[in-house]
Amino acid sequence: LTPPQYKVLSRDEHSLDIAIEMPWFASYRNRFGKPDYGKILFTSAESEEAASQLDMWDSIKLYRETKGRGIWFITYHQNIISPKLYSIDPRATVVVKTMLDSVGESSMIFFATRLKNLVQKRHESKRIKLFDKVPENRHTYRMATRCCEIDIRNHVSYGYYQNFCLDAASNAIKARSSVYRDIFGSDFNSEIVCETRASYVGQLFGMESISIDTWQNDSDSLLFLIRQDAKPVCQIQFILNTKQNQSGISSAIHSNL
């Protein structure tokens, strides 16, 4: 999915600070005519991998700094989304900036990736629990992963986990489930989402059957558990766009530009 044209604006070969210019980055659209959030995350993740494959950052040096114990495995990420994302022109050129925050000694590699002025995306290797248990009043959506969702690391890209949850939310709404308090109309439009959080405890591969439990908590959030039978794979939280939330999101975006 990575657009074939890109331009490296800057790089720091000693650690990781790379800016890549990508034309038509937001050309992937969903059924509402808005940027496809999952595919955008997948593409930004592939830009990080492309930087590694093209030796644009010194992965061996970073591995040594973790005393040989460093691994590339994301266990948690948080995405703060600006409203600008949903109105961006599909022909627009987007700058994908990848930076290294810090390096620890045992799998503590923290990455912050930003689609300039659009999404502040943070990865880290510290596992964070988003909820303790799944309530009895939940909606369950069942599906199978596809081979086309597998990334260069031979597992399903984390960007698609977001789309799995968007499909689960739409399925719950179309089934007129009572698990959501808010009224979303006849379908779930991702434009209402202003922040996503995901905590991973496992991986998915192609052609695997999964179940997604979803419900709404006491605040303005939709919660999801992706699982294989009784085995949890990922917890995901969608924070919805209320006026109070959006004020905080805008402040966070601008304070980190």
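Things to note:
- Matching residues, region 133-167, being of a type in the set (Asp, Glu) and either in contact with a helix residue (DSSP H, G or I) (Cβ under 8 Å, 6 or more places away or on another chain) or within 14 Å of residue 198 (Cα to Cα) (or both): 149, 151
- Qualifying residue in region 197-214 (condition: in a helix (DSSP H, G or I), polar (S, T, N, Q), farther than 20 Å from residue 43 by Cα and at pLDDT 95 or above): no
- Subset of region 181-216 that is polar (S, T, N, Q) and open to solvent by 60 Å² or more (accessible area, probe 1.4 Å) - its residue that is nearest to residue 241 (Cα to Cα): 186
- Where a residue in region 127-156 is assigned to a loop (DSSP other than H, G, I, E, B) and its partner, wherever it lies, is polar (S, T, N, Q), with Cβ under 6 Å and at least six apart: 127/75; 128/199; 130/199; 130/235; 130/237; 151/157; 155/203
- Candidate set: region 55-105, residues that are at pLDDT 70 or above and open to solvent by 70 Å² or more (accessible area, probe 1.4 Å); chosen: the one nearest to residue 235 (Cα to Cα): 84
- Tabulated pairs, region 27-43, first polar (S, T, N, Q), second open to solvent by less than 40 Å² (accessible area, probe 1.4 Å), C-beta under 7 angstrom, 6+ apart or interchain: 30/36; 30/190; 43/25
One line per residue, one yes/no per condition, for (1) of a type outside the set (Asp, Glu); (2) open to solvent by 20 Å² or more (accessible area, probe 1.4 Å); (3) at positive phi:
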position	(1), (2), (3)
130	yes, yes, no
136	no, yes, no
144	yes, yes, no
147	yes, yes, no
162	yes, no, no
165	yes, no, no
173	yes, yes, no
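- Taking first residues from region 167-187 that are touching a residue at least 24 places away in the same chain (Cβ under 8 Å) and partners that are outside any helix (DSSP H, G or I) and open to solvent by 60 Å² or more (accessible area, probe 1.4 Å), the Cβ contacts under 7 Å between residues at least 6 apart in sequence or on separate chains come to 178/137; 179/137; 179/138.
The values are calculated or read from the model by the stated rules, or taken from the named source; none is laboratory data. Just so it is clear, the structure is predicted and the values come from calculations on it, not from any experiment. So basically every Cβ, Gly included, is an ideal-geometry build from the backbone, and we count neighbours across all protein chains shown. Please note that ligands, DNA and RNA were not included when accessible areas were found on the heavy atoms of the full protein model with its side chains. Shrake-Rupley method; radii C 1.70, N 1.55, O 1.52, S 1.80 Å.
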